[in-house]
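Encoded as structure tokens, the structure appears first; notes follow it.
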Amino acid sequence: MSKFFSRLLSPTALLYIYLVLMQTAQGIYAIGKFEPPPAFSLVYSAGFLWIVGWWLLTDGRKRDIPWVYDIGLYLTIAWWFIMPYYLLKTRGAKGLLVMLAFAGTYFAAMVVGMVLYLLFTLSLLN
């Protein structure tokens, strides 16, 4: 059972869990046409960068890849360029599958949030 929890608390699993929760909420806000609270926006941005940085650190240690001195600046400004480059550099063609899984999870979770909102509002109308 401890192996299950150690995998569940790994940076990769937490990144996907965080992504699903935040994108589902983002989908609800988008389809409901109301503004998310400022605290949500802060937690969404800061939490995402923190988990991506943690994932990069952990994965880089496994693959014996040194970090740059100011990874926070790079993640804040250009994480969408750094992550694909890192994945392709470290995993080759398999990195494309990782990127596809991330993008699929990103958009699917938003669609799930939209569908949940629509189902909830339709059930209130009946």
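Candidate cross-link partners of Lys94 among the aspartates and glutamates, defined by an alpha-carbon separation under 16 Å and a same-chain spacing of 8 or more, comprise Asp59.
Report note on the peptides 110-122, 13-25, 70-82: ranked by the mean count of other C-beta atoms within 10 Å, highest first, their order is 13-25, 110-122, 70-82. Across the accessible surface of the chain, with the other protein chains kept in place and a 1.4 Å probe, carbon and sulfur atoms take up 74 percent. Rg over Rh for segment 30-91 works out to 1.10, using Cα positions for both radii and the Kirkwood form for Rh.
Using the 1.4 Å probe convention, the accessible area of the chain works out to 70 Å² per residue with neighbouring protein chains retained.
Pairwise Cα distances in the chain exceed 25 Å for 35 percent of all pairs. Each Lys and Arg adds +1 at its Cβ and each Asp and Glu adds -1 at its Cβ; summed about the Cα centre, the chain shows a dipole of about 460 debye. Each label was represented as a point 7 Å from its Cα along the Cα-to-Cβ direction; for Ala30 and Leu97 these points are 2.7 nm apart.
The values are calculated or read from the model by the stated rules, or taken from the named source; none is laboratory data. Bear in mind that the values here come from a model prediction, so they are computed numbers and not experimental data. Quick reminder, even Gly has a Cβ in these numbers, built from the backbone with ideal geometry, and neighbours come from all protein chains shown. These area figures cover heavy atoms from the full protein model, side chains too; ligands, DNA and RNA do not enter into them. Shrake-Rupley method; radii C 1.70, N 1.55, O 1.52, S 1.80 Å.
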